[in-house]
Amino acid sequence: MQKGSLRLRPVRLPDDVSHAAAWYQDPEVLYYSEGGSAAVPFDEERVERMYRYLRMYQSLSFVKTSIHPDGCGNECIALQLSLNEEE
C-alpha cells in the first residue's frame, strides 16, 4: 500500500532480518525501544524469533518513506505492528 511518499509493505522473513538487526544494534534505537541504557543489542537470530512471534498475533509491516527530515530517503524504515482482530 502506498500514499504519497509513504509505502507500507509486509515484513519478509528471513529476508528483512539482517536489515532490522542493524536497528536493534543501534544504541539510540535500543534506548527508546527496549527500555534504557541497559538494553542488550539484538543479533539476527533474536530479531527473527521476535518477528516470527509477533506475526502470530499481529500484522507486521515496514513503513518506508522517500522523504525524511534526516535526508536518508528510502533507507528510513519504521516497523508497524497492528493487532490482528478476529472477524
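Out of everything in region 6-50 that is more than 16 Å from residue 61 (Cα to Cα) and among the hydroxyl-bearing types (Ser, Thr, Tyr), what residue ends up being nearest to the chain's Cα centre (by Cα)? I'd like the intermediate steps shown before the answer.
Within region 6-50, the first condition is being more than 16 Å from residue 61 (Cα to Cα), and the residues that meet it are 22, 24-46.
Filter once more, keeping what is among the hydroxyl-bearing types (Ser, Thr, Tyr): 24, 31-33, 37.
On the way: 24: 9, 31: 15, 32: 13, 33: 11, 37: 20 Å.
Only one residue fits best here, namely 24.
Output the residue which, of all residues in region 1-19 that are at pLDDT below 85 and of a type in the set (Gly, Ala, Ser), is surrounded by the fewest Cβ atoms within 10 Å (Cβ to Cβ).
4
Conditions tested, residue by residue: (1) among the aromatic types (Phe, Trp, Tyr); (2) at pLDDT 85 or above; (3) outside any loop (DSSP other than H, G, I, E, B); (4) exposed (fewer than 12 other Cβ atoms within 10 Å of the Cβ).
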| position | (1), (2), (3), (4) |
| --- | --- |
| 41 | no, yes, no, no |
| 54 | no, yes, yes, no |
| 68 | no, no, no, no |
| 74 | no, no, yes, no |
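Go through region 20-39 and report how many residues are surrounded by 14 or more Cβ atoms within 10 Å (Cβ to Cβ) and aromatic (Phe, Trp, Tyr).
2
The values are calculated or read from the model by the stated rules, or taken from the named source; none is laboratory data. Given the structure is predicted, the values throughout are model-derived calculations rather than measurements. When we count neighbours, we look across all protein chains shown, and the Cβ atoms used for this are built from the backbone with ideal geometry, even at glycine.
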